[in-house]
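The values are calculated or read from the model by the stated rules, or taken from the named source; none is laboratory data. All figures in this text were calculated on a predicted structure; none of them were measured in a lab. Cβ coordinates were reconstructed from backbone atoms using ideal geometry, including for glycine residues, and neighbour counts include every protein chain displayed.
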Amino acid sequence: MKTFSIYEHPDHRLEVVKQGISFPGLLLGGVWLLWHRMWVFGALATGVGLGFYLLFPSSEGYVFGIPYGYQFGLADIMNLGICGVVAFCGNGWRATSLLDRGFDDMGTEQAATSDGAKAAFLRRTGIARHEPGFVRREPV
């Protein structure tokens with residue numbers, strides 16, 4: 001079971017953020033930040049990552065990750081570092097971003113998936129409102 005934090009916007013939208021390491025953030029880095037509307041961090045991580053490829057090309061040479069005689073270089077190591085920072089700090093940054101955008105911290109839930117955490121929160125709080133994509137089914 002994973003631990004998820006639940007955030008609610010004043011217009012009753014719910015956002016769920018997993019606590020801990022973000023594996024999509026490890027793989028995608030700056031793109032993951034941009035996807036979650038953290039524009040400054042995402043632009044900074046993406047810009048610095050591309051800048052590393054311009055400043056530190058490999059000895060065999062490649063441009064923007066398109067290899068011709070590819071050799072693992074210093075820019076790759078530095079970009080792996082950026083992705084590692086995003087993986088370890090990204091979910092915390094996302095939680096802070098949601099709070100800055102007006103969401104309220106509603107607590108945590110234990111669940112296997114983010115949808116399961118949202119459903120457990122709605123069951124626990126007894127909130128019967130319409131969520132986009134959420135279908136309430138009565139027990140049989």
>> Can you find a residue that is surrounded by 15 or more Cβ atoms within 10 Å (Cβ to Cβ), acidic (Asp, Glu) and either touching a Cys at 6+ places or on another chain (Cβ under 8 Å) or at negative phi (or both) anywhere in the range 15-23?
In response: yes
> So, of the residues in the range 4-14 that are more than 10 Å from Gly102 (Cβ to Cβ) and exposed (fewer than 13 other Cβ atoms within 10 Å of the Cβ), which turns out to be modelled with the lowest pLDDT?
Replying inline: His12
> Gly29 passes all but one of (1) surrounded by 13 or more Cβ atoms within 10 Å (Cβ to Cβ); (2) modelled with pLDDT of 90 or more; (3) more than 21 Å from Gly116 (Cβ to Cβ); which number fails?
Replying inline: (2)
